[in-house]
């Protein structure tokens with residue numbers, strides 16, 4: 001989409017010089033690759049080195065940022081929060097493509113399914129008995145929705161998503177391709193030299209404004225519910241075990257795994273590759289840094305790292321001391337030789 005700088009500034013809560021209002025912008029781009037007729041963003045001084053050579057026509061900057069050198073053809077859009085203004089620009093310049101909504105003749109829908117208005121259902125998708133689909137929801141091709149499933153308004157289920165029976169999904173939820181919601185949890189009892197499966201008769205509850213990445217698996221509760229709080233965002237390739245209680249606005253990054261019956265407080269961040277043992281409580285706003293292994297409860301607001309995870313400052317001091325071991329070993333050998341000579 002093509003917009004003038006004046007139009008773009010109005011939509012992005014920004015100010016521009018009056019004599020530059022007619023400059024045309026057709027795309028948003030990173031400061032390192034932006035070209036003519038594109039807008040970029042300078043969100044931190046560490047990117048100033050890229051500003052002098054940028055080919056962009058416009059750039060979002062903070063009103064308080066002091067810039068000494070910039071290309072003559074670059075127009076600054078001054079704003080309070082350059083990152084958010086830039087995201088608004090991306091939405092404005094790259095609007096989502098709207099397709100004609102319809103229910104494919106190649107889909108299979110049970111007779112007693114309740115469907116709202118303006119729904120799209122792609123080819124080879126199936127919806128089983130007693131399920132409900134809210135208004136404006138998009139279900140792409142080859143999605144399987146089980147029995148007694150409830151899906152709210154304005155949701156998007158991308159191809160090959162599988163929703164097992166009795167799942168409840170709120171409104172404005174996005175589930176990406178290959179995700180599986182409410183499969184049986186991994187629960188067994190070892191008796192008489194064999195693994196006996198624990199029945200899983202619970203479900204999964206997903207609140208509003210949740211996004212679930214591709215190929216992520218969320219297991220149903222054994223007896224109760226596995227819950228995902230409103231506003232939480234789950235990356236690709238994440239495993240959430242049975243009976244987990246995930247709070248509001250939680251971030252879970254790719255390849256993280258959470259064992260069963262954990263409680264994850266509001267605003268928690270699980271960085272990439274985090275591994276959480278079962279029955280662990282993670283307090284609100286805690287940060288589990290990448291590749292960390294958590295085997296015990298984590299206090300609210302703390303930042304932990306390592307395997308086993310400990311306070312990040314403690315771990316960094318330990319790593320700093322560990323890096324000095326080769327040098328200390330050399331000193332030890334010298335002292336050992338001197339002592340041997342003295343003893344002789």
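Mind checking whether some residue in segment 273-289 is over 21 Å from the mean Cα position of the chain (by Cα), surrounded by 20 or more Cβ atoms within 10 Å (Cβ to Cβ) and either without any contact (Cβ under 8 Å) to a residue 24 or more places away in the chain or in the same structural domain as residue 182 (by TED's automatic domain parsing) (or both)? Scanning segment 273-289 turns up no residue that is over 21 Å from the mean Cα position of the chain (by Cα), surrounded by 20 or more Cβ atoms within 10 Å (Cβ to Cβ) and either without any contact (Cβ under 8 Å) to a residue 24 or more places away in the chain or in the same structural domain as residue 182 (by TED's automatic domain parsing) (or both). Evaluate the following for residue 71: is it part of a loop (DSSP other than H, G, I, E, B) and in contact (Cβ under 8 Å) with a residue 40 or more places away in the chain? When the stated conditions are applied, residue 71 does not pass them. Put simply, of 304, 334, 315 the only residue that is part of a helix (DSSP H, G or I) and touching a strand residue (DSSP E or B) at 6+ places or on another chain (Cβ under 8 Å) is 315. Among the residues of segment 196-208, is any in contact (Cβ under 8 Å) with a residue 40 or more places away in the chain and over 23 Å from the mean Cα position of the chain (by Cα)? Scanning segment 196-208, I find at least one residue that is in contact (Cβ under 8 Å) with a residue 40 or more places away in the chain and over 23 Å from the mean Cα position of the chain (by Cα), so the answer is yes. Residues of segment 204-238 that are assigned to a loop (DSSP other than H, G, I, E, B), touching a strand residue (DSSP E or B) at 6+ places or on another chain (Cβ under 8 Å) and closer than 11 Å to residue 248 by Cβ: 207, 210, 229, 232.
The values are calculated or read from the model by the stated rules, or taken from the named source; none is laboratory data. Note that the coordinates shown come from a computational prediction; the quantities given were computed from them, not determined experimentally. Don't worry about glycine lacking a Cβ; one is built from the backbone with ideal geometry, like all the others, and counts go over all protein chains shown.
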